[in-house]
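Written below as structure tokens is the structure these notes are about.
The values are calculated or read from the model by the stated rules, or taken from the named source; none is laboratory data. Quantities reported herein were computed from a predicted structural model and do not represent experimental measurements. Glycine also receives a Cβ, built like all others from the backbone with ideal geometry; neighbour counts cover every protein chain displayed. The protein model used for the area step is the full one, side chains on, heavy atoms only, and it has no ligands, DNA or RNA in it. Shrake-Rupley method; radii C 1.70, N 1.55, O 1.52, S 1.80 Å.
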Amino acid sequence: MNNFNNIQSLWSNQEPQKQNKNVDYIKAEAKKRMQSSGRRLGWGIIILSITAAILGIIICYLPSLKWPFGPGLLAMFLSVTLRSSLEIISMIWKQRLNIALPTQQYKCQILRYYRARKTLTTTVTFSTLALYFAGFSIMIPAFYGYMQTLYFIGVLVFILVSVPVFSIFLIKKSKEELKELNEIIALLD
């Protein structure tokens, strides 16, 4: 009788079996999620490109920029251009993911893409953000010389508030993107 109770307890404590989903459904769901992340990536590229264009126009329009404006604007321009270039490369790589491949090969492609995006959204993003902020910081003494004290304080407060808020926003969006890619990978298991 004790043996029967053991078997019955093992039976009831068993984990429920995962439903075996249709491979076509899984791939369609993965494709849908990848397309939605692609739209967000596209908007990011547009915003970065507009920012780079504005900085490029300022640099070209004012060719006689001297210290500290020239190096400061150049650092800002380089950081935004580098980041937007890497985002474009990432978008191209994402579009080359081949959903028609067998599930395991497609999963391997997404894993490589996930690792690249993880590096891009962490190390590279904050390095380029630091370069951008350094470029702006180089120009602060010149702003102090050209602006009235009240305007200068306003600019400093704006920067000191907006940089942390923007950084938190970037961290949140990066985590969401990586979580979504992780869910796609889990879906393909």
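In this structure, is LEU48 open to solvent by 30 Å² or more (accessible area, probe 1.4 Å), part of a helix (DSSP H, G or I), under 17 Å from GLY135 (Cα atoms) and at pLDDT 90 or above? Taking the combined requirement at face value, the residue does not satisfy it. Per this entry, LYS21 is not counted among residues that are of a type outside the set (Ser, Thr, Tyr), within 30 Å of GLN109 (Cα to Cα), surrounded by 11 or more Cβ atoms within 10 Å (Cβ to Cβ) and at pLDDT below 85. Based on what the data block shows, is MET91 touching a helix residue (DSSP H, G or I) at 6+ places or on another chain (Cβ under 6 Å) and under 19 Å from SER36 (Cα atoms)? Yes: the conditions hold for MET91.
Which one of these is of a type outside the set (D, E, K, R), in contact (Cβ under 8 Å) with a residue 12 or more places away in the chain and in a helix (DSSP H, G or I): THR81, THR119? Answer to the check: THR81. Of all residues in the stretch 85-128, those satisfying the criterion of being farther than 23 Å from ALA28 by Cα, open to solvent by 60 Å² or more (accessible area, probe 1.4 Å) and not hydroxyl-bearing (Ser, Thr, Tyr) are ILE88, ILE89, LYS118, PHE126. Within the stretch 57-78, the set of residues being in contact (Cβ under 8 Å) with a residue 24 or more places away in the chain and part of a helix (DSSP H, G or I) comprises PHE69, PRO71, GLY72, LEU73, LEU74, ALA75, MET76, PHE77, LEU78.
Taking the stated definitions as given, is LEU101 among the hydrophobic types (A, V, I, L, M, F, W, C) and part of a helix (DSSP H, G or I)?
For LEU101, the condition - among the hydrophobic types (A, V, I, L, M, F, W, C) and part of a helix (DSSP H, G or I) - is not met.
Here PHE143, PHE166, PHE152 are screened, and the one residue that is of a type in the set (A, V, I, L, M, F, W, C), modelled with pLDDT under 85, under 30 Å from LYS66 (Cα atoms) and open to solvent by 80 Å² or more (accessible area, probe 1.4 Å) is PHE166. No other residue among ALA130, ALA186 is of a type in the set (Gly, Ala, Ser) and farther than 17 Å from VAL80 by Cα apart from ALA186. Does LYS172 satisfy the criteria of being open to solvent by less than 40 Å² (accessible area, probe 1.4 Å), modelled with pLDDT under 90 and either more than 18 Å from the chain's Cα centre (by Cα) or among the basic types (Lys, Arg) (or both)? No: the conditions fail for LYS172.
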